[in-house]
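See below for the structure under consideration.
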C-alpha cells in the first residue's frame, strides 16, 4: 500500500488554474526593468514608484545589505508564498538559482561602484570575496508539516548558481515550545536564533537566505547571532522585499 503524506496531497494542487493563476510565476516573469532601493539596498523589478520614497523603508539592524529579486507584491513575492505554502519544491530550485545569479550580479555591481567612489575598488556593501550562504532556520514543526525546508532549498539552489558555499549554522528557539526553565533561560540569553552546537568557526562574511523580508526582524535576529559568533559582514538575500 503506498504511503500518503500531506505534502503529496498539496503538490497535487499546484496547478495554475486551481490557484487562480494564468501560469505559475517563474523567474523569467521578473522582466528587465530593475530598480534599486537607496534606503535598504534591495533590488526591485517592474514599474511603480521608487521604493526609496516609501515611508518606513530601512535596513534591518545588523544587516549590511539586502539583496532581493523583487517586491513582495510582485512575481517574486507570489513565488515565495507558493514555495512555502504549497511545498513547491521545483519553484524553490528555480527561484533559488535566480537568487544566486542575482547575488553574483549584485556583488559585481557593488565592486564597480566602490571603484568609482574610490573605496579601493570595493564598495563598503560588497563582500571582499565569496561569502558563505546560511539558511534562516524555520519552525521545525511547520517544516515537518509542509514537507519542505524552503530556506534550505533556496540556499542549496543559490549556492549551485553562484558557486558560494553554504553552511547550516543557526538553530531556532521557538518560544511556544520552550516549556522548561532551562530552555527559556537559553532563549533569553541567545535570542530567537543561536549557533548550532560543535561549530567552532564562523565565516567572516555571511549571506543569510530566506524567502521574504517584511519587517526585517528575523533577519536582524539572525544577523546578531552570526555577529556574536565572529562574522564581520552580514547580508540578507531574499526572493522578495516588502517595503513599508
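Residue count for region 77-108 satisfying the condition of being touching a residue at least 60 places away in the same chain (Cβ under 8 Å) and touching a helix residue (DSSP H, G or I) at 6+ places or on another chain (Cβ under 7 Å): 20.
If you check 152, 191, 163, 219 for being out of contact with any strand residue (DSSP E or B) (no Cβ under 8 Å at 6 or more places or on another chain) and modelled with pLDDT of 80 or more, only one passes: 163. Residues that are in contact with a helix residue (DSSP H, G or I) (Cβ under 6 Å, 6 or more places away or on another chain), closer than 21 Å to residue 207 by Cβ, touching a residue at least 24 places away in the same chain (Cβ under 8 Å) and not in a helix (DSSP H, G or I): does region 160-167 have at least one? Within region 160-167, one or more residues are in contact with a helix residue (DSSP H, G or I) (Cβ under 6 Å, 6 or more places away or on another chain), closer than 21 Å to residue 207 by Cβ, touching a residue at least 24 places away in the same chain (Cβ under 8 Å) and not in a helix (DSSP H, G or I). Name every residue in region 63-99 that is farther than 15 Å from residue 212 by Cα and assigned to a helix (DSSP H, G or I), in order of residue number. Within region 63-99, 89, 90, 93, 94, 97 meet the criteria. Looking across region 197-244, the residues that are assigned to a helix (DSSP H, G or I) and farther than 16 Å from residue 150 by Cα come down to 217, 220, 221, 222, 223, 224, 225, 226, 227, 228.
Mind listing whichever residues of region 60-83 are modelled with pLDDT under 90 and surrounded by fewer than 19 Cβ atoms within 10 Å (Cβ to Cβ)? Listed by number, the list holds a single entry, 73.
The values are calculated or read from the model by the stated rules, or taken from the named source; none is laboratory data. Bear in mind that the values here come from a model prediction, so they are computed numbers and not experimental data. Backbone-built Cβ (ideal geometry, glycine too); neighbour counts: all protein chains shown.
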